[in-house]
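To start, the structure under review is shown below, and the notes come after it.
The values are calculated or read from the model by the stated rules, or taken from the named source; none is laboratory data. Only a predicted model underlies this, so the values are computations on that prediction, with no experimental measurement involved. Every residue, glycine among them, receives a Cβ derived from its backbone with ideal geometry; neighbour counts consider all protein chains shown.
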Amino acid sequence: MSAPVEWLKNTQTWLDGHGPMAWTAAMVLGFIFLWPVGLFLLFYMIGTNRMWKRSHARSCGHRRGFGSQTGNVAFDKYRDETLRRLEEEQKAFTGFLDQLRAAKDQAEFDDFMANRARRPAPQAEPEEDTRSAYTPPRAPGFGDASPA
């Protein structure tokens, strides 16, 4: 194998060992110093799914999930009991908030109905005659029927 190909494979292995952050750093440095190198690394990372892949150390179990067992029986029992108790408290608190909302809604509705009952009922207004009884005064000399 030629030296550049071997160097590239060693670099790829080293970057894979350090995870996506190392690949991202290499890509950024490639863009800074020689933009075609950064562009090549970007396409290579997307094409080989190295951009979103987890590092080897994390996938081997060094990072545990929330619900996994630690191996310490006493701690696992304490944690499970605490989580169960917190879930019960959360359910009780949610129920309490629902009761408060219902009581507030009921009070607002009762207030609305009390205000509505106190307000006088609107009376139907009598229909007005479209003819007006008022006639405006006329200026003298205008509209007189008799000629002067």
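In the stretch 1-49, how many are loosely packed, with under 11 Cβ neighbours inside 10 Å, more than 33 Å from the chain's Cα centre (by Cα) and outside any helix (DSSP H, G or I)?
2
Here are Arg85, Arg79: which of them is among the charged types (D, E, K, R), at pLDDT 95 or above and on the phi < 0 side of the Ramachandran plot?
None of the others qualify; the one that does is Arg85.
Do we have any residue at all in the stretch 58-69 that's at pLDDT 80 or above and out of contact with any Asp or Glu (no Cβ under 8 Å at 6 or more places or on another chain)?
no
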